[in-house]
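We did not get these values from a lab; they are worked out from the coordinates using the rules stated. Given the structure is predicted, the values throughout are model-derived calculations rather than measurements. Cβ placement follows ideal geometry from the backbone for every residue including glycine, while neighbour counts extend to all protein chains displayed.
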Amino acid sequence: MQNFNYLEPGSLWEAVGILEGLEGKAFPLAGGTDLVRTFKRIGFREHGVINLKKIPELSGVKFDGQVMSIGALSTVSELLANSEVDEHFPVLAQAARALGTPQIRNLATIGGNLCTSSPASDLAPALLAYQAKIIITGPNGEREVAVNEFFKGPGQNVLDRGEILTRIDLNLPVPGTIGAFLKHGVRKSHEIALVNTAVLIIPVRGSDKIAVARIALGAVGPTPFRAWQAEEQLAGAEGGLPQFEEAAKIAQELASPIDDVRASADYRKHMAGVLVKRALFQAWGGKV
Amino acid sequence: MKREIVLKVNGESYQVYVSPEKMLLDVIREDLQLTGTKKGCEAGECGACTVLMDGRPVNSCMVLAFDAVGREIVTIEGVGGLEGLHPIQEALVEHGAVQCGYCTPGIVMTAKALLDSDPNPTEEEVRKALAGNLCRCTGYVKIVEAVMDVSKQISESPELREKLSQSQEFGAKTVGR
């Protein structure tokens with residue numbers, strides 16, 4: 001029986017090489033808050049981790065006035081402490097605030113959160129709404145994937161053997177963009193979402209009309225997803241509760257949640273609609 | 001395969017010989033014999049094992065000891081000093097915010113990290129900061145009152161503020177065996 005293997009590559013290429021060579025026996029370690037739990041469940045023996053923390057290019061948040069580049073190893077707390085995230089991507093900041101506990105946020109990373117690919121990720125809906133680009137490095141070099149194409153199922157994503165998610169790029173939203181993130185659970189904190197949603201609205205200047213709306217939902221399908229049809233319903237429409245209710249109804253129909261110990265599928269589906277309506281209304285400046 | 005690593009805990013460097021699957025929590029409790037840090041859920045839920053890593057509270061049950069190399073770890077043994085309890089500990093006692101006491105070391109560490117970074121939090125901020133520390137006895141009210149009381153003491157007493165900023169180093173250097 002093989003021992004648990006702990007490796008600490010100092011460069012991205014070394015990590016990619018090791019990862020490719022170890023045939024799914026060793027997993028990249030970021031914050032560890034999901035991976036360590038998994039190992040505790042399945043056993044450490046015969047597995048290993050490739051700790052990515054010694055790889056310099058995976059850390060840090062950079063903003064050049066147009067694009068925010070978030071290193072995959074940026075912790076959720078680092079996102080929250082970054083005033084530019086709060087100022088330019090407030091919906092991401094709201095989502096980060098809703099994730100886990102302070103202790104978890106100090107460990108958990110944005111890259112790890114995406115690679116775990118939980119349908120109930122809190123960061124994913126916000127990143128979907130901001131149309132994030134995922135930058136991946138692997139044996140064949142670097143590639144870029146739109147975040148809405150990244151997830152493939154619960155715990156599954158587009159990463160191939162030897163590939164590492166290195167950073168997330170966000171384009172600065174159009175001036176005047178408004179948005180909201182809402183999470184519904186049994187408790188106010190320390191909760192896995194029963195449903196969560198991130199919405200962004202770009203209003204037509206000087207009018208009550210909506211130019212573009214983006215609506216992303218989590219925990220109510222095999223992956224977090226964009227409610228495209230609901231977005232289309234709002235494009236060009238007047239902003240207001242009746243329109244938001246209509247869009248929320250469409251979004252609700254796109255939800256395909258599961259029944260589990262935490263909530264029934266019916267309840268989650270219903271709440272998906274309620275949450276989308278509330279988020280749109282709140283983003284628009286209304287009180288819920 | 002066991003390897004030798006050096007962990008910096010409460011200002012002291014410890015050489016330990018551990019397996020790579022060993023958690024920071026287990027090294028702290030078993031190898032360093034610092035049993036003030038408690039083992040609760042072992043799944044990053046309850047906060048009983050909270051220690052500070054580079055000044056921030058983390059669940060030590062979720063951190064591989066190997067991954068803590070090079071980080072500054074502070075456990076409950078590194079809080080306060082030889083001269084007595086930390087004001088947070090005193091306040092918890094005075095407010096009756098300790099019943100079985102199992103969650104208390106974790107609560108102290110989280111509250112310390114909060115007050116070190118923001119000595120004047122609102123009650124809401126205290127509650128949010130403590131959201132990762134479960135207590136099954138007190139109902140939290142007295143814990144929150146105790147932390148708010150320390151915050152009030154700090155704002156009213158420049159000497160206490162001074163003492164706390166010193167005791168961070170003092171406590172770390174003199175306690176922790």
Self-check item: Relative pair counts by distance (%), Cα atoms of the stretch B:1-66, 5 Å bins
Solution: 4, 19, 29, 28, 15, 5, 0
Exercise. Could you run the Debye sum over the Cα atoms of the stretch A:178-283, one equal point scatterer each and no solvent, and tell me log10 of I(q)/I(0) at q = 0.12, 0.21 Å⁻¹, two decimals?
Key: -0.36, -0.99
Exercise. For the stretch A:1-104, build the charge dipole from Cβ charges (+1 Lys, Arg; -1 Asp, Glu) around the Cα centre, then report which of A:S83, A:V61, A:G43 sits farthest towards its positive end.
Key: A:G43
Quiz item: If you plug each phi of the stretch B:9-25 into the Karplus form 6.51 cos²θ - 1.76 cosθ + 1.60 with θ = phi - 60°, what whole-Hz ³J(HN,Hα) values come out, in order, with x for Gly and Pro?
Solution: 10, 6, x, 10, 8, 10, 8, 10, 10, 9, 6, x, 8, 7, 7, 3, 3
Quiz item: Taking amide H positions as placed 1.01 Å from N in the peptide plane, with prolines and chain starts having none, which residues 5 or more places from A:G185, or on another chain, fall under 5 Å of its amide H?
Solution: A:L194
Practice problem: Could you state the angle between the C-alpha long axis of helix A:241-254 and the longest principal axis of the C-alpha atoms of chain A, as a value from 0 to 90 degrees rounded to the nearest 10? | Solution: 40
Quiz item: What does the charge dipole of the stretch A:125-282 about its Cα centre add up to, to the nearest 20 debye, if the Cβ of each Lys and Arg holds +1 and the Cβ of each Asp and Glu holds -1?
Solution: 380
Quiz item: Taking the alpha carbon gyration tensor of the stretch A:173-220, what are the square roots of 5 times its eigenvalues, largest first, to the nearest whole Å?
Solution: 28, 10, 8
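State the three equivalent ellipsoid semi-axes of the protein assembly as shown, derived from the C-alpha gyration tensor as the square roots of 5 times its eigenvalues, in descending order and whole Å.
Over the Cα atoms of the protein assembly as shown, the semi-axes work out to 38, 29, 20 Å.
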Exercise. Calculate one ³J(HN,Hα) per residue across the stretch A:133-149 by plugging θ = phi - 60° into the Karplus curve 6.51 cos²θ - 1.76 cosθ + 1.60, and present them in order as whole Hz with x for glycine and proline.
Key: 9, 9, 9, 10, 10, x, x, 9, x, 9, 9, 10, 10, 5, 4, 6, 9
Self-check item: Sequence-distant lysines (8 or more away, or on other chains) whose Cα lies within less than 27 Å of B:K2
Solution: A:K25, A:K40, A:K53, A:K54, B:K22, B:K38, B:K39
Exercise. Can you tell me the dipole magnitude for the protein assembly as shown around its Cα centre, using point charges on the Cβ only (Lys, Arg +1; Asp, Glu -1), in Debye to the nearest 20?
Key: 740
Quiz item: Picking from A:L194, A:L128, A:L35, which is most flexible by a Gaussian network model of chain A using Cα springs under 10 Å?
Solution: A:L35
Practice problem: Using a cut-off of 13 Å between beta-carbons, work out the net charge of the residues near A:E246 (Lys and Arg +1, Asp and Glu -1, A:E246 not included). | Solution: -3
Quiz item: Radius of gyration and Dmax for the stretch A:5-51's Cα atoms, expressed in Å?
Solution: 10.4, 30
Quiz item: Shape call for the stretch B:33-177 from the C-alpha gyration tensor, a ≥ b ≥ c root eigenvalues: rounded (a/c under 1.5), prolate (a/b greater than b/c) or oblate?
Solution: oblate
Practice problem: Enumerate the calculated ³J(HN,Hα) couplings along the stretch B:93-101 in order (Karplus 6.51 cos²θ - 1.76 cosθ + 1.60, θ = phi - 60°), each rounded to whole Hz, writing x wherever the residue is Gly or Pro. | Solution: 5, 5, 7, x, 8, 10, 10, 6, x
Quiz item: Roughly what angle does helix A:12-21 make with the longest principal axis of chain A, taking Cα atoms, 0 to 90 degrees, to the nearest 10?
Solution: 70
Exercise. Using amide H atoms built 1.01 Å from N in the peptide plane, name the residues 5+ places from A:N157, or on other chains, whose amide H lies under 5 Å from its own.
Key: A:K152
Exercise. Would you please give the residues with an amide H less than 5 Å from that of B:K22, counting only those at least 5 places away or on a separate chain, with H modeled from the backbone geometry?
Key: B:A65
Quiz item: Pairing the Cα long axis of helix B:141-156 with the longest principal axis of chain B, what angle in degrees results, from 0 to 90 and rounded to the nearest 10?
Solution: 80
